[in-house]
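Notes follow the structure.
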Amino acid sequence: MGLLFVLVVGLIAGTISGIVGTGSSIMLMPILVYQFGPKEAVPIMAVASVMANLSRILAWWREVDWRACAAYSVTGIPAAALGARTLLALPSHAVDVAIGVFLIAMVPVRHWLARHQLKANLWHLAIGGAVIGYLTGIVVSTGPLSVPLFLFYGLSKGAFLATEAASSLGLYVSKSVTFERLGALTSGVALKGLIAGTSLMAGAFIAKRFVLHLKPDAFRLIMDGIMLVAGLSLLWSAVAS
């Protein structure tokens, strides 16, 4: 029943993230923490995230901006590995608190970024890749930061979804490899990640037909709600444990 619940939430999360560009990790992570604990949930989510981003690339393959992807990934991939090493040195209770606080804090940060209407170039993507990559290694999902970065670069709809996914894919592969080398990604954990990832992949393809119809205001409300609920649930889990 536990894995079935993960699959159902994963399908919903994959569909939503396939529409708005992020959110699958934010939605699924509290469920994984509840089912498997924070230390096991993080590498499970890393594997599932690889599959989720791969599915968005396959769905929008012709739209990928490879220059933007390269600029972001060249710094983000090694930074994600460093962040993963940092995560494994932290106690489980601190992981719950860190992820919960981060998700809640991203609500006002995202609004601040949107108000300032910033413009990004390839150098900004490289700098952002280093910072966001390191945070991705620690806090599972940094979509609320990477989404505005790629939007400020000038990408939208299919091009945005494909390029953000292609750029994030390298970070999550780097993170997964680091977990495997440090003994945190066992065969059992990898299998759970693959199971969760299949539901995220299915959701991404379901979402493709809805992308052109989503209004910006709806996107902002969905993301704020997801981050607040997920962040509060993780903080509750930390307090209750």
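Before we move on, is Asp96 open to solvent by less than 60 Å² (accessible area, probe 1.4 Å), at pLDDT 80 or above and not hydrophobic (A, V, I, L, M, F, W, C)?
Taking the combined requirement at face value, the residue does not satisfy it.
Identify, please: which residue in region 167-179 is farther than 11 Å from Val50 by Cβ and over 12 Å from the mean Cα position of the chain (by Cα) and is, among those, surrounded by the fewest Cβ atoms within 10 Å (Cβ to Cβ)?
Among those residues, the one meeting the criterion is Thr178.
I'd like the residue in region 26-85 that is at pLDDT 85 or above and among the acidic types (Asp, Glu) and, out of all such residues, is surrounded by the fewest Cβ atoms within 10 Å (Cβ to Cβ).
Of everything passing the filter in region 26-85, Glu63 is surrounded by the fewest Cβ atoms within 10 Å (Cβ to Cβ).
With the requirement that a residue be at pLDDT 75 or above, surrounded by fewer than 24 Cβ atoms within 10 Å (Cβ to Cβ) and among the aliphatic types (A, V, I, L, M), what does region 134-150 give you?
Residues satisfying the conditions are Leu135, Ile138.
Is at least one residue of region 189-206 open to solvent by 50 Å² or more (accessible area, probe 1.4 Å) and at pLDDT below 80?
yes
The values are calculated or read from the model by the stated rules, or taken from the named source; none is laboratory data. Note that the structure is predicted; figures quoted are calculated from it, not measured. So basically every Cβ, Gly included, is an ideal-geometry build from the backbone, and we count neighbours across all protein chains shown. Ligands, DNA and RNA are excluded from the accessible area calculation, which covers all protein heavy atoms including side chains. Shrake-Rupley method; radii C 1.70, N 1.55, O 1.52, S 1.80 Å.
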